[in-house]
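What follows draws every value from the coordinates through simple rules; no lab data is involved. Nothing here was measured: the structure is a model prediction, and the numbers come from that model. Note: ideal-geometry Cβ built from the backbone for every residue, glycine included; neighbour counts use all protein chains shown.
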Amino acid sequence: MGVAAGLHGAAFIWVLVNLAYPCNSEFPEYTPEDGNSDTKILDKILAQNRYDKRLLPPVTGTLTVNMSVLLLSLASPDESSLKYEVEFLLQQQWFDPRLQYSNYSHFYEYLNAIHHHDQMWIPDTYFIMHGDFKDPLIPVHFALRIYKNGTVNYLMR
């Protein structure tokens, strides 16, 4: 069975969002001690004297946030109405030079920042929707990864 058939009709929608925020600042790369855990490294990187979540990541030119949406399901519980239930994955990726770190042990490919999400700058994403809304049956799940080069990958269901 092909990849497309294996996704059971799921659709990919790719969106590129450019946020204009001119800035040109340098941030020193954090070098953790060998053997530090994700939590210890993230605590140092996100320390209040080093990182301010209220500020956009300082990049030269515009800040680019790459977004993709994977439609998991689209269902109409009542065919007589035009109401639909939608479930999807939203992935966002951007570069934040303040989050760069060195890792000489090469133990971690990325840091799992799921417990630090409230201390980080994350793009405000809005969906304009019409109709009645109910709370999701499945709670919102997300993953937040920070790579050594400062790339942040945020995935939300």
Item to check | Net charge, Leu72 excluded, C-beta distance under 10 Å - Lys, Arg +1, Asp, Glu -1 | outcome: 0
Checklist outcome for this item: Surrounding charge for Leu56, neighbours by C-beta under 14 angstrom, Lys/Arg +1, Asp/Glu -1, total 0
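Find how much the distance from Val86 to Tyr110 grows on full extension, using 0.36 nm per residue of separation minus their present alpha carbon separation; answer in nm with one decimal.
Extra length from Val86 to Tyr110 when fully extended: 5.6 nm.
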